[in-house]
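Written below as structure tokens is the structure these notes are about.
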Amino acid sequence: MTTTEARGGSAAVGDAARGVTGPFYGYAVLANSLFQRGVFVLYLQQRGFSAGQVAVLQTLIYLVSGLAELPTGVIADRIGRRASIVIGQVLIAVCLLGQAASSQYWVFVALFIGHGVGMACVSGSDTALLYDLLVRRGATAGYVRIRSRFTMLGTVTSGVAIVLGGQLQRLSWAIVYVGSAACLVLAVLVLMARVPEIRGADAVDEQGGTGKAHVDTTAWRALLRVATPALLTLAVVSGLMHATLTPYIIFTQQVLSDQGAGTALVSVVIAGGFLAGGLVPLLSGRADRRLGYRVVVPVSLLALAAALGLSGLGLVWVTVTAFLVLVGVPEITAVLVDNVLNEAVPSRHRASLLSMIAFVESVLIGTGYLVLGTLMDGLGSGAGMAAYAVVPLLACLLWLPVLLRRAGVATGTGRSAGQNTS
């Protein structure tokens with residue numbers, strides 16, 4: 001392919017995708033304008049909840065989300081991916097309003113359960129809807145670039161929202177939570193007005209097979225057909241990566257505080273981490289072309305292990321530097337893995353299958369919170385962080401056979417996921 005042809009093809013893909021990306025980018029900004037995200041722990045403490053009670057709530061939200069992934073994925077394929085997102089975001093908005101109005105712990109337990117169900121409704125459905133809209137327009141070649149920008153907008157918005165949330169809290173906690181709920185409602189309105197609905201039965205695989213392609217009647221049969229050892233390993237390793245990254249971001253607040261950082265510095269560092277995590281994914285396309293997901297996966301895991309180990313040195317500026325420099329690296333992997341998984345599953349059951357994978361991820365994240373919290377309580381915050389580095393290192397070992405064999409992940413369209421098709 002000549003350079004001119006490549007540029008022409010890229011321009012054609014961009015034109016085809018433009019009608020999809022605009023509304024999705026607007027949705028990403030509004031859906032991630034959650035002002036309470038960076039200060040909710042302080043809010044719960046002001047409500048009189050202990051650190052242990054807060055940890056239980058945070059673990060509960062991920063475990064419930066994981067358990068709800070399977071039924072909500074099926075619902076997304078049956079009634080529609082957009083409908084599932086709308087239900088989930090409205091449910092989360094209602095739960096945020098409930099948190100602003102209540103002070104009873106049992107009510108918060110119920111609200112966090114509802115929040116977890118809402119997260120499950122959105123998880124898998126948003127990327128499935130985006131990918132299938134690109135399939136419909138013949139523009140999946142641009143998915144990594146589009147998905148990286150989608151991630152960038154979401155995480156940068158989260159970082160800005162965290163800073164704004166800290167300022168709005170000085171006025172009123174109600175403003176923080178009501179503002180977050182209002183942004184979710186606006187995100188839903190943008191989605192309903194600008195993005196068409198797609199159900200599993202409406203979706204068409206890339207290779208266009210309608211009568212010729214094998215059609216599975218259930219998501220379980222589809223999973224059995226595409227579940228190669230490499231795909232299953234990728235799902236577990238990706239889950240372990242997120243089970244390291246998510247608790248690491250949250251508990252870094254405590255590590256920095258224990259190392260002498262003030263509240264203002266902690267909030268700035270965490271916001272900076274979100275901003276870094278939003279900008280780094282823009283390198284996903286280049287990383288995919290030059291390295292490929294097989295190499296990027298262990299690089300991200302080793303970066304996480306290094307960040308955890310450096311946090312155990314007890315030096316606040318080392319912890320800050322490690323956090324800001326390394327926290328964004330796994331976001332590249334997240335984009336590339338998302339592309340591989342979308343290619344690997346058939347459109348008819350895409351939301352269901354992605355929800356099954358998200359179930360594994362959610363359970364591992366919830367377990368990771370408990371394990372890291374226990375380690376930090378028993379060994380101290382820094383030493384506990386350093387000990388938790390064994391998790392990404394274990395994930396590296398699990399990935400090693402795939403890396404050495406260069407085993408492909410068979411896709412629902414008959415291609416090798418991650419293969420360069422340009």
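Some notes on this structure:
- Among (1) modelled with pLDDT under 85; (2) part of a helix (DSSP H, G or I); (3) in contact with a Pro (Cβ under 9 Å, 6 or more places away or on another chain), the one test that Gly412 misses: (2)
- Residue match in the range 78-91 (condition: open to solvent by less than 10 Å² (accessible area, probe 1.4 Å), over 26 Å from Val371 (Cβ atoms) and of a type in the set (Lys, Arg)): yes
- Residues (among the small types (Gly, Ala, Ser) and either in a loop (DSSP other than H, G, I, E, B) or more than 20 Å from Ala161 (Cβ to Cβ) (or both)) located in the range 233-277: Ala235, Ser238, Gly239, Ala243, Ser257, Gly260, Ala261, Gly262
- Scope the range 19-58; condition of a type in the set (Lys, Arg) and at pLDDT below 60; matching residues: none
- Scanning the range 134-149 for residues that are open to solvent by 10 Å² or more (accessible area, probe 1.4 Å) and more than 13 Å from the chain's Cα centre (by Cα) yields Val135, Arg136, Arg137, Gly138, Thr140, Ala141, Val144, Arg145, Arg149.
- Test: residue in the range 305-312 that is surrounded by fewer than 24 Cβ atoms within 10 Å (Cβ to Cβ), touching a residue at least 24 places away in the same chain (Cβ under 8 Å) and not small (Gly, Ala, Ser): no
The values are calculated or read from the model by the stated rules, or taken from the named source; none is laboratory data. Not measured: the values here are computed from a predicted model. We place every Cβ from the backbone using ideal geometry, glycine too, and count neighbours over all the protein chains shown. Ligands, DNA and RNA are stripped out before the accessible areas are found, and what is left, the full protein with its side chains, is counted by its heavy atoms. Shrake-Rupley method; radii C 1.70, N 1.55, O 1.52, S 1.80 Å.
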